[in-house]
Amino acid sequence: MDIQGLIRAAHAATQHARAPYSGFKVGAALLCDDGTLYTGVNVESSSYGLTICAERVALFKALSEGHSGFQAIAVICANRTWCPPCGACRQVLWDWARDITVILARDENDYQQMKLSTLLPHAFDNGYLLHE
Ligand code: THU
């Protein structure tokens, strides 16, 4: 996996972040098992709670174009602070990309990688819905 390329793609995406309220511009780059790359940025709403994070935008772009099976997602903030995925993104990634590697980056030479299961232990999932 070209981790540095993934981080560069996430950082390039931050230029399109729509963050007029927080000023916190986030970019994500999602690598599918077949090598396809999707980027995402945070898109904020005047009704703040409707804001969507960069990670979910990247994932929803990929899912809506028929992809399943994801290797890694890189997340970076334009101001180079760490940006761990929020709880909502962890849950949605768990639902659709359970085995994914999450790469938190400040730049292409300063990053940490971890499995999503480390970020979301004891997760809820659809298995709990399927009882008699
Ligand atoms: N944000 C993301 O895009 N990803 C994260 O992992 C954390 C937070 C966005 C949401 C909001 O637009 C801004 O960062 C401040 O919370």
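The values are calculated or read from the model by the stated rules, or taken from the named source; none is laboratory data. From a predicted model like this one, the values you see are computed outputs, not experimental measurements. Methodologically, a virtual Cβ is constructed for each residue, glycine included, from the backbone with ideal geometry; neighbour enumeration extends over all protein chains shown. Side chains are part of the model used for accessible areas, which takes the heavy atoms of the whole protein and leaves out ligands, DNA and RNA. Shrake-Rupley method; radii C 1.70, N 1.55, O 1.52, S 1.80 Å.
Add +1 for every Lys or Arg and -1 for every Asp or Glu among the other residues with Cβ under 10 Å from the Cβ of Cys77, and state the total. Taking every other residue near Cys77 into account, the sum is +3.
Ignoring ligands, DNA and RNA, what percent of the 1.4 Å accessible area of the stretch 3-128 is carbon and sulfur?
Values: 3240 of 6310 Å².
On the stretch 3-128, the fraction of accessible area on carbon and sulfur atoms equals 51 percent.
Between amide H atoms placed 1.01 Å from N, distances below 5 Å from Thr51 occur with Ser45, all of them 5 or more places distant or on a separate chain.
Rg of the Cα atoms in the chain, relative to 2.2 N^0.38 Å, amounts to 1.02.
Using a 1.4 Å probe, what is the accessible area per residue for the stretch 48-132, in Å²?
Numbers: 4850 Å² over 85 residues.
On a per-residue basis, 57 Å².
Among Gly40, Gly27, Gly87, which one shows the highest mean-square fluctuation when the chain is modelled as a Gaussian network with alpha-carbon springs under 10 Å? Largest GNM mean-square fluctuation: Gly87. Under 5 Å between amide hydrogens, built in the peptide plane, is the criterion, and for Asn42 it picks out Arg18, Val26, Ala54 among residues at least 5 positions away or on other chains.
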